[in-house]
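Visitor: Supplied in structure tokens, the structure appears directly below.
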Amino acid sequence: MSASEQGRDAALAKDTDFDALVVGAGFSGIYMLKKLRDDLGLSVQGLEMADDVGGTWYHNKYPGARCDSDSWLYCYDWCDDVQEEWEWTERYPHQPEIQDYISFVAESHDLYKDIEFETKVTSATFDEDSGIWEIETEDGSSYTTQYFIPAVGNLSKPFIPDFDGLEDFEGTWYHTSSWPADGVDMEGKTVGLIGTGSTGIQTMPHLAEESEHLKVFQRTPNWAVPARNRPLEEEEWQELKANYDELWEAARNSDGGLDIEFTHPTADDLSREEAWESLEERWEEGGPLLSVFEDTLINKDTNTLVCEFIAEKIRETIDDPELAEKLIPMDEDGNPEHWYAAKRPPLAYNGYYERFNRDDVELVDVGDNPIARFNADSIVLEDGTEHQIDVLCMATGFDAVTGTLESLNITGRNGQNLEDKWEAGPRTYLGLGTHGFPNMFMITGPQSPSVLTNMVVPIQQHVEWITECLDYMLENGYQHIEAQEDAEEEWAAHNEEVASQTLYPDSASWYRGDNIPGKDQTFLIYPGGINLYNDRIEAVAAENYEGFTLAEAEESQAAD
Ligand code: NAP
């Protein structure tokens with residue numbers, strides 16, 4: 001037996017059903033399965049509660065669901081065979097097309113056979129005596145595994161506010177993430193939309209189109225900018241394909257996972273006219289205005305200027321000046337109520353603002369006059385105003401980043417439950433592991449760049465890092481890996497420190513857990529960018545996984 005075979009033999013636990021078990025079959029889950037199975041030769045099992053692959057893109061089928069990242073970078077960069085055959089049809093990919101893409105990749109790489117569908121995980125428990133994980137599912141099955149990898153996404157646990165009387169509402173209602181695939185009949189109906197985040201703004205024009213009358217219940221106005229989606233012409237697609245490697249190289253080494261060149265480092269040195277000209281250019285091109293000034297998220301003056309620009313655009317678009325002011329998140333003195341992009345910046349498709357000029361679309365401002373309760377056929381506001389509705393679209397967001405992980409009922413060493421451990425906010429080392437939970441790896445976990453970026457890029461980064469880490473463990477005979485407590489304390493402090501240098505913490509958002517009553521308000525995501533983060537995780541790997549404890553079988557079972 002060679003040294004490496006001996007290492008592998010010592011590292012792999014005997015008597016488990018699988019070497020690795022991956023929960024979730026979205027972008028992260030299927031790539032993780034492939035790497036573990038094809039690169040490392042491990043026995044793998046995927047568990048997925050839906051009846052197909054897709055993850056987020058399986059569930060979010062609300063009208064107009066679309067990704068706000070450029071399609072040519074919202075896909076894997078390793079999939080040459082798929083790349084040859086696949087053609088995105090639009091700049092921003094539509095939900096059914098993304099779902100088809102993920103399915104096409106899973107089929108091309110023969111991954112379906114390794115996934116149990118319609119299988120919901122109800123608990124995952126680390127057994128300290130055997131050093132292995134036991135995973136239980138809703139149908140009463142259980143699986144043992146050495147490596148446990150929840151690949152459950154960051155926006156998978158819907159948030160539905162605890163509205164008084166919602167159970168009495170007799171109309172049809174859905175959260176956007178459970179909107180039926182074959183749609184909802186809205187013809188001749190009055191539809192209510194609660195929420196004006198990225199989802200509400202994306203779906204609003206479609207609801208307006210399909211209904212008789214739409215009422216948009218807005219608690220906080222948002223800074224939406226036009227997406228300017230368009231079909232990808234054959235010529236452009238071929239050019240993108242020809243430059244694919246360079247595009248991906250740029251994306252992987254960027255801050256946000258996209259191929260972006262900033263127009264200016266700051267607006268500070270520009271006259272207002274110069275700044276306006278650059279903003280106007282980007283506005284016409286479509287997409288977030290973040291690429292105009294590099295310091296938008298760290299410089300209040302620059303950010304204020306961007307907000308003023310969008311406010312001017314809203315005023316130009318909305319016919320009724322009073323209504324325009326209600327749609328602008330700015331106080332009477334011209335101070336932004338939240339900074340541009342400190343809450344996830346929404347893109348407007350199909351003329352979001354323009355729709356408010358129509359008689360059949362109504363803005364219901366619930367900022368100062370909140371929703372008090374539901375009746376059988378209406379929403380009643382605190383001042384007693386009643387709004388009759390037949391159909392309700394709840395675009396009220398998610399218990400983001402930590403919510404789904406916590407609800408998996410994960411128990412680590414010493415009987416500690418993950419939800420209890422994270423009661424005062426998540427503690428992770430690099431968003432990859434957490435102390436007390438050996439051999440559990442998270443993909444785009446809390447305190448990693450994840451949702452502040454084009455998600456497929458950090459997903460690939462994490463899947464590849466985990467694969468290399470396991471390869472190292474197999475080579476060297478390590479059976480267990482666990483984040484060290486002081487390393488994760490240092491990482492949490494660093495995360496908060498980097499966040500404090502930005503404008504993110506100044507604005508209430510789900511990035512800070514503000515949207516969930518009682519959720520601890522720590523900054524949930526690493527805001528330093530993919531490039532800096534990548535340097536850090538590569539350095540950790542180069543130092544033999546510094547900050548993690550690696551142990552052989554007997555050692556790890558004896559550990560604290
Ligand atoms: P969200 O950003 O959390 O927005 C939720 C909305 O519901 C907010 O407008 C919020 O108002 C409102 N709301 C919550 N509780 C309410 C209450 N009791 N009364 C009235 N209004 C209430 O959720 P989301 O729009 O679903 O977006 C979540 C994330 O999904 C996005 O930020 C983005 O990352 C992702 N997404 C991605 C894409 C894509 O392109 N890939 C598309 C859509 C969404 P407040 O602002 O006042 O809290």
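The values are calculated or read from the model by the stated rules, or taken from the named source; none is laboratory data. Nothing here was measured: the structure is a model prediction, and the numbers come from that model. All Cβ positions, even for glycine, are placed from backbone atoms using ideal geometry, and neighbour counts span all protein chains on display. Surface areas here come from the heavy atoms of the whole protein model, side chains and all, with no ligands, DNA or RNA. Shrake-Rupley method; radii C 1.70, N 1.55, O 1.52, S 1.80 Å.
Visitor: Under 27 Å from the mean Cα position of the chain (by Cα), open to solvent by 20 Å² or more (accessible area, probe 1.4 Å) and within 12 Å of the ligand (Cβ to nearest atom): does that describe residue 373?
Guide: Against the criterion (under 27 Å from the mean Cα position of the chain (by Cα), open to solvent by 20 Å² or more (accessible area, probe 1.4 Å) and within 12 Å of the ligand (Cβ to nearest atom)), residue 373 does not qualify.
Visitor: Right, something else. Determine whether segment 309-319 contains at least one residue that is within 25 Å of residue 229 (Cβ to Cβ) and part of a loop (DSSP other than H, G, I, E, B).
Guide: Checked segment 309-319: at least one residue is within 25 Å of residue 229 (Cβ to Cβ) and part of a loop (DSSP other than H, G, I, E, B).
Visitor: Also: Considering only segment 1-29, state which residues are buried (at least 24 other Cβ atoms within 10 Å of the Cβ) and in contact with a Phe, Trp or Tyr (Cβ under 9 Å, 6 or more places away or on another chain).
Guide: If the condition is that a residue be buried (at least 24 other Cβ atoms within 10 Å of the Cβ) and in contact with a Phe, Trp or Tyr (Cβ under 9 Å, 6 or more places away or on another chain), then 20, 21, 22, 23, 25, 26, 27 are the ones that fit.
Visitor: Sticking with this one: Taking residue 401, is it in a strand (DSSP E or B), buried (at least 16 other Cβ atoms within 10 Å of the Cβ) and either within 14 Å of the ligand (Cβ to nearest atom) or touching a residue at least 40 places away in the same chain (Cβ under 8 Å) (or both)?
Guide: For residue 401, the condition - in a strand (DSSP E or B), buried (at least 16 other Cβ atoms within 10 Å of the Cβ) and either within 14 Å of the ligand (Cβ to nearest atom) or touching a residue at least 40 places away in the same chain (Cβ under 8 Å) (or both) - is not met.
Visitor: Could you please let me know if residue 180 is under 22 Å from the mean Cα position of the chain (by Cα) and not β-branched (Val, Ile, Thr)?
Guide: So residue 180 passes the test.
Visitor: Ok, one more. Do you know which residues across segment 210-237 are within 12 Å of the ligand (Cβ to nearest atom) and open to solvent by less than 20 Å² (accessible area, probe 1.4 Å)?
Guide: 216, 217, 218, 221, 222, 223, 224, 227
For every residue, the table says whether it meets (1) within 23 Å of residue 457 (Cα to Cα); (2) open to solvent by 10 Å² or more (accessible area, probe 1.4 Å); (3) in contact with a Leu (Cβ under 9 Å, 6 or more places away or on another chain); (4) assigned by TED's automatic domain parsing to the domain that holds residue 317.
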residue: 171; (1), (2), (3), (4): no, yes, yes, yes
residue: 180; (1), (2), (3), (4): no, yes, no, yes
residue: 188; (1), (2), (3), (4): no, yes, no, yes
residue: 242; (1), (2), (3), (4): yes, yes, no, yes
residue: 257; (1), (2), (3), (4): yes, no, yes, yes
residue: 264; (1), (2), (3), (4): no, yes, yes, yes
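Visitor: Of all the residues that make up segment 97-141, how many are more than 30 Å from residue 231 (Cα to Cα), assigned to a helix (DSSP H, G or I) and under 24 Å from the mean Cα position of the chain (by Cα)?
Guide: Looking only at that region, the number is 1.
Visitor: Of the residues in segment 91-115, how many are exposed (fewer than 15 other Cβ atoms within 10 Å of the Cβ) and either within 24 Å of residue 37 (Cα to Cα) or charged (D, E, K, R) (or both)?
Guide: 4
Visitor: Moving on. What tally of residues in segment 499-541 results from selecting those that are away from the ligand (no atom under 14 Å from the Cβ), crowded, with 18+ Cβ neighbours inside 10 Å and under 30 Å from residue 163 (Cα atoms)?
Guide: Residues that pass the stated criteria total 3.
Visitor: What's the number of the condition residue 61 fails, among (1) farther than 30 Å from residue 199 by Cα; (2) touching a Phe, Trp or Tyr at 6+ places or on another chain (Cβ under 8 Å)?
Guide: It fails just one condition, (1).
Visitor: Inside segment 340-370, can you point out the residues that are more than 14 Å from the ligand (Cβ to nearest atom) and acidic (Asp, Glu)?
Guide: 354, 359, 360, 362
Visitor: Counting only residues that are open to solvent by less than 20 Å² (accessible area, probe 1.4 Å) and part of a strand (DSSP E or B), how many does segment 388-397 have?
Guide: The number of residues fulfilling the criteria is 4.
Residue by residue, here is whether (1) modelled with pLDDT under 95; (2) farther than 16 Å from residue 24 by Cβ; (3) not polar (S, T, N, Q) holds:
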position	(1), (2), (3)
379	no, yes, yes
391	no, yes, yes
394	no, yes, yes
402	no, no, no
405	no, no, yes
410	no, no, yes
413	no, yes, yes
422	no, yes, yes
428	no, yes, no
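Visitor: Of the numbered conditions (1) open to solvent by 20 Å² or more (accessible area, probe 1.4 Å); (2) in a helix (DSSP H, G or I), residue 306 satisfies every one except a single condition; which is it?
Guide: (1)
Visitor: Still on this model: Would you mind stating whether residue 172 is out of contact with any Phe, Trp or Tyr (no Cβ under 8 Å at 6 or more places or on another chain), within 11 Å of the ligand (Cβ to nearest atom) and either modelled with pLDDT of 95 or more or of a type in the set (S, T, N, Q) (or both)?
Guide: no
Visitor: What's the total number of residues in segment 142-157 that are crowded, with 18+ Cβ neighbours inside 10 Å and not in a loop (DSSP other than H, G, I, E, B)?
Guide: Number of matching residues: 7.
Visitor: Looking at segment 78-85, can you tell me whether even one residue there is crowded, with 22+ Cβ neighbours inside 10 Å and touching a helix residue (DSSP H, G or I) at 6+ places or on another chain (Cβ under 7 Å)?
Guide: As a first pass, look at segment 78-85 and keep what is crowded, with 22+ Cβ neighbours inside 10 Å: none.
Among the residues of segment 78-85, not one is crowded, with 22+ Cβ neighbours inside 10 Å and touching a helix residue (DSSP H, G or I) at 6+ places or on another chain (Cβ under 7 Å), which makes the answer no.
Visitor: Condition test on residue 402, is it in contact with a Pro (Cβ under 6 Å, 6 or more places away or on another chain) and within 30 Å of residue 126 (Cβ to Cβ)?
Guide: yes
Visitor: Collect the residues in segment 286-303 that are in a loop (DSSP other than H, G, I, E, B), among the charged types (D, E, K, R) and open to solvent by 30 Å² or more (accessible area, probe 1.4 Å), keeping them in residue-number order.
Guide: Of everything in segment 286-303, just one residue is in a loop (DSSP other than H, G, I, E, B), among the charged types (D, E, K, R) and open to solvent by 30 Å² or more (accessible area, probe 1.4 Å), namely 294.
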